[in-house]
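The values are calculated or read from the model by the stated rules, or taken from the named source; none is laboratory data. Here the structure is a predicted model, which is why all the values come from computation and not from measurement. Cβ: placed from backbone, ideal geometry, glycine included. Neighbour counts: every protein chain shown. Just so you know, the surface numbers come from the protein's heavy atoms only, side chains and all, with ligands and any DNA or RNA stripped out. Shrake-Rupley method; radii C 1.70, N 1.55, O 1.52, S 1.80 Å.
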Amino acid sequence: MPEQQLIAVSLRGSGTPLLAEAIEALGYTPYGTMSATQPVSGEPVGAGEVYPLLEAAHGAGRAAELLRGGREELAESFDTTVHALWRVWWRLLGQPVTLASPVDAALEERLLRVPGTDLVRLLPGRGCWYVNSLDLGRADADVLRVWSTGGGPPLVFHHRDVRDRIISHIEYLMQPTDRIGSQPEDLVYQGILRALPDMDARVALALSDPDFPGIRDARRCRWMLHHPAVHVVTHEDLAGPALGGSPEARESALARLRHATGHPEPAVSIPVPAPAADAAYDSLAIGSWRTYFTPGHERLLRENCHDLLLAPTSDTNV
């Protein structure tokens with residue numbers, strides 16, 4: 001039976017849109033870093049999903065009143081509670097949030113008191129939560145305990161050669177501000193990169209600055225390369241022939257995703273990546289770093305990022 005929720009940890013610059021295409025084809029709505037805005041009741045609510053969430057947020061009495069009341073009030077209350085639940089789940093995954101929020105603070109605090117074992121069951125529909133990192137020091141301890149004992153959503157770790165990640169993320173940050181989302185690190189480093197004279201200087205900065213977006217995340221996520229319950233998928237495997245990979249590696253990567261989601265065979269049709277010549281996919285080609293790296297960059301890589309060069313893929317959890 002397919003899993004209801006999934007967590008995808010995809011390091012910055014790893015080609016997350018390619019991963020998202022495959023996971024969406026398996027029936028999952030993207031949330032987190034792959035959501036430009038939080039969706040509002042865009043998918044049908046499953047049977048039995050309304051009352052448990054309203055009860056957790058408002059108590060049994062108020063939940064019953066809402067179910068007996070008008071449809072408009074019920075729909076508004078459910079949407080408001082879902083938004084609060086999304087924010088709570090984002091906080092528990094250790095992701096950055098603003099103190100100022102349109103979500104009712106009291107409602108959010110009530111949902112924060114829901115035990116981790118119950119909280120994930122309240123998330124409506126089938127969703128995949130995309131995050132750039134899952135830092136063991138920042139994520140909620142209860143959520144981690146639940147996951148480590150087999151009670152949380154399956155965890156996919158998606159990564160890529162650090163050199164290609166750096167080039168891809170620099171190109172992403174050089175876009176207009178309205179196209180790079182609202183991640184604070186990205187917004188700060190966009191200004192830094194724009195102040196540099198050329199790509200050579202930008203790559204040198206990324207290789208020498210330990211706070212460049214994605215560098216610390218990669219180090220804090222290395223535990224996922226070794227945990228037997230984590231489903232590891234590399235961009236190089238998922239890319240396929242059109243982007244410089246192989247059909248065998250792509251099929252193996254898709255098999256790991258099907259296994260992670262509990263999707264029955266035969267799997268639904270999953271889109272094949274467009275060739276790198278397609279403007280939407282050119283940053284996803286394997287080995288694009290070769291266009292930009294100089295011997296000086298290679299030296300900085302060895303000095304500062306040698307521990308990030310290994311990119312093992314785990315097939316032990318298929």
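Considering only segment 188-204, how many residues are within 21 Å of Ser133 (Cα to Cα) and either part of a loop (DSSP other than H, G, I, E, B) or open to solvent by less than 40 Å² (accessible area, probe 1.4 Å) (or both)?
Going through segment 188-204, the residues within 21 Å of Ser133 (Cα to Cα) turn out to be 188-190.
With the extra rule that they be either part of a loop (DSSP other than H, G, I, E, B) or open to solvent by less than 40 Å² (accessible area, probe 1.4 Å) (or both), the set shrinks to 189-190.
The qualifying residues number 2.
Of the residues Arg110, Arg163, Arg121, Arg138, which is open to solvent by 30 Å² or more (accessible area, probe 1.4 Å), assigned to a helix (DSSP H, G or I), more than 30 Å from Thr294 (Cα to Cα) and at pLDDT 85 or above? Quick ask: steps written out before the conclusion?
On the way: Arg163 fails: more than 30 Å from Thr294 (Cα to Cα); Arg121 fails: at pLDDT 85 or above; Arg138 fails: assigned to a helix (DSSP H, G or I).
Every option except Arg110 fails the conditions.
Return only the number of the condition from (1) assigned to a loop (DSSP other than H, G, I, E, B); (2) modelled with pLDDT of 80 or more; (3) open to solvent by 30 Å² or more (accessible area, probe 1.4 Å) that Pro273 does not satisfy.
For Pro273, the failing item is (3).
So which of Ala60, Ala20, Ala36 is farther than 25 Å from Ala260 by Cβ and either of a type in the set (Gly, Ala, Ser) or modelled with pLDDT of 90 or more (or both)? Outline the logic, then answer.
Values: Ala20 fails: farther than 25 Å from Ala260 by Cβ; Ala36 fails: farther than 25 Å from Ala260 by Cβ.
Of the residues listed, the single one that is farther than 25 Å from Ala260 by Cβ and either of a type in the set (Gly, Ala, Ser) or modelled with pLDDT of 90 or more (or both) is Ala60.
Residues of segment 56-102 being part of a helix (DSSP H, G or I), open to solvent by 70 Å² or more (accessible area, probe 1.4 Å) and more than 29 Å from Cys221 (Cβ to Cβ), which ones? Please lay out each step first, then the result.
So the first thing to find is which residues in segment 56-102 are part of a helix (DSSP H, G or I), and the list is 56-58, 60-68, 71-92.
Restricting the remaining residues to those that are open to solvent by 70 Å² or more (accessible area, probe 1.4 Å) gives 62, 65, 67-68, 71-73, 76, 91.
Once the filter is applied, which keeps residues that are part of a helix (DSSP H, G or I), open to solvent by 70 Å² or more (accessible area, probe 1.4 Å) and more than 29 Å from Cys221 (Cβ to Cβ), segment 56-102 yields Arg62, Glu65, Leu67, Arg68, Arg71, Glu72, Glu73, Glu76.
Look through Thr291, Thr261 and report the one residue that is farther than 16 Å from Pro17 by Cβ, open to solvent by 40 Å² or more (accessible area, probe 1.4 Å) and polar (S, T, N, Q). Show your work before the answer.
On the way: Thr261 fails: open to solvent by 40 Å² or more (accessible area, probe 1.4 Å).
Every option except Thr291 fails the conditions.
Being in a helix (DSSP H, G or I) and in contact (Cβ under 8 Å) with a residue 40 or more places away in the chain is true for just one of Glu251, Glu236. Which residue is that?
Working: Glu251 fails: in contact (Cβ under 8 Å) with a residue 40 or more places away in the chain.
The unique qualifying residue is Glu236.
Kindly provide the set of residues from segment 188-217 that are among the small types (Gly, Ala, Ser) and modelled with pLDDT of 95 or more, ordered by number.
Of segment 188-217, the ones among the small types (Gly, Ala, Ser) are 191, 195, 201, 204, 206, 208, 214.
Listed by number, the residues that qualify are Gly191, Ala195, Ala201, Ala204, Ala206, Ser208.
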